[in-house]
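Computed from the coordinates by the stated procedures, all read-outs in this text should not be read as laboratory data. In this text, all values refer to a predicted model and were calculated from it rather than measured experimentally. Neighbour counts run over all protein chains shown; Cβ positions are idealised from the backbone, glycine included.
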Amino acid sequence: MRRRPFLGLAAAVLAPAALQQDAHAAGPLSGLEDLLLYRTGRVPAPRREPTAESVAAALTASRQEFRDARYDRLAAALPARIAAAQLFGTPDQQAVSTAALYNVAVRLCIKVGDNNLVAVTADRALTAARAGGDPLVLAEAQRMVSSSWRRQGSLARATDIVVVAAEELLADTTVPEAQRLALRGDLYATAAYTAAKSGDRGYAHALITEAADSAAAAGRSSGLVDGVQGVALHEVSVHYELGDAGRAIEYARTVDPAALPTAERQARFFTDVAHAFDKWGKPEQCYRALLAAEQAAPQEVRRGAVRDLAVGLLRLDRRLPGVRDFAVRAGVPTAV
């Protein structure tokens with residue numbers, strides 16, 4: 001006689017878990033999860049036999065989608081692209097192409113905010129990069145591993161990983177000097193940001209100076225300024241992580257956001273500016289910076305860091321017209 005009430009109670013208790021599983025399965029990175037956990041079993045087979053051209057085009061498209069902040073499209077396409085790269089060429093070619101795509105996958109997982117997948121994809125990138133033997137792909141994979149360790153709170157180890165990688169890359173004369181210097185600048189900028197998060201002011205400033213010097217030398221050698229702009233973005237974040245919000249804004253005013261080459265970088269710049277204004281206690285300016293980030297790359301505002309800022313701004317919704325709607329767009333459930 002008690003069986004029916006028990007079943008009803010059991011259904012009520014178990015339903016949330018089932019709903020969570022369904023929601024997780026339908027998440028933006030579910031296809032990548034399937035690839036990582038089940039290899040190619042749940043990923044559609046390539047319609048055509050992969051070729052050198054198709055694999056190269058897939059890598060180019062993946063990088064461009066990330067630069068354009070088209071994260072949904074990238075998440076949908078990456079699993080099949082990685083699976084195809086694993087099928088083409090010699091073992092070395094397969095490893096290099098796979099590692100390069102996993103490097104993009106790590107950056108996507110960071111944007112989505114899935115630290116578990118950040119760790120797994122970073123490990124896959126590093127393993128494949130070591131097998132492939134391309135120094136630039138390997139150094140980028142080491143940078144992704146550093147990001148994973150940082151997000152798990154291992155700041156000293158995360159800093160050390162990229163500093164060692166930077167010096168190993170600089171010593172590798174098989175790579176053109178301009179490329180070595182440009183990526184070394186990226187590696188040191190990442191190290192500087194991590195050192196700043198740990199509160200090591202002197203080391204963070206030394207590292208970001210080294211990053212700027214490397215990027216400038218690469219620019220002089222190649223005529224490119226992309227690395228210099230990337231270091232500039234990190235310098236803004238280094239200052240606010242060290243508690244120097246005013247200095248971060250002062251430095252940000254020297255950066256022309258319209259000159260930043262991609263939507264992702266523009267949005268990241270405005271998000272960093274928003275963080276600095278938030279730490280400075282200037283909510284109106286923080287909100288305007290977030291709106292600028294959204295205008296540059298709408299999908300960027302779904303990041304957890306932006307949601308946290310939006311939550312803080314909600315208490316001022318009467319002073320900040322439209323902030324509640326912005327919070328909804330950023331994915332803050334309590335803003336509805």
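Tabulated data
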| read-out | value |
| --- | --- |
| For the chain, size of Cβ-based charge dipole, Lys and Arg +1, Asp and Glu -1, in debye | 1460 |
| In range of the label at D160: residues from the stretch 102-116 whose backbone nitrogen is under 17 Å from the point 7 Å along Cα→Cβ | none |
| Spatial separation of Cα centroids for the stretch 56-121 and the stretch 139-197, in angstrom | 20 |
| Backbone N under 18 Å from the E167 label point (7 Å along Cα→Cβ), restricted to the stretch 198-220 | 203-214 |
| Sorted peptide list for 241-248, 271-278, 208-215, criterion being average Cβ within 10 angstrom, highest first | 271-278, 208-215, 241-248 |
| Cα centre as origin, Lys/Arg/Asp/Glu Cβ charges: the stretch 75-178 dipole, Debye | 500 |
| Debye, to nearest 20: dipole size of the stretch 48-120, +1 on Lys, Arg Cβ, -1 on Asp, Glu Cβ | 200 |
| Pairwise label distance in nanometres, E250 with Q152, each label 7 Å out on the Cα-Cβ vector | 3.9 |
| Inter-label distance, nm, simple model (7 Å from Cα along the C-beta direction), D308/A77 | 3.1 |
| Most to least packed among 31-38, 293-300 [average Cβ atoms within 10 Å] | 293-300, 31-38 |
| Whichever aspartates and glutamates have a C-alpha closer than 18 Å to that of K197, once near sequence neighbours (fewer than 8 apart) are set aside | D160, D186, E210, E235, E241, D244, D272, D278, D308 |
| Virtual spin-label span in nm between R319 and A52, 7 Å along Cα→Cβ | 6.1 |
| Gaussian network model of the chain, springs between alpha carbon atoms under 10 Å - residue of T60, T262, T254 with greatest fluctuation | T254 |
| Fully extended contour minus Cα-Cα distance, from L87 to R130, at 0.36 nm per residue | 13.7 nm |
| Residues of type aspartates and glutamates that K111 reaches as a straight line, Cα spacing below 12 Å, ignoring anything fewer than 8 places off in the same chain | D72, E264, E300 |
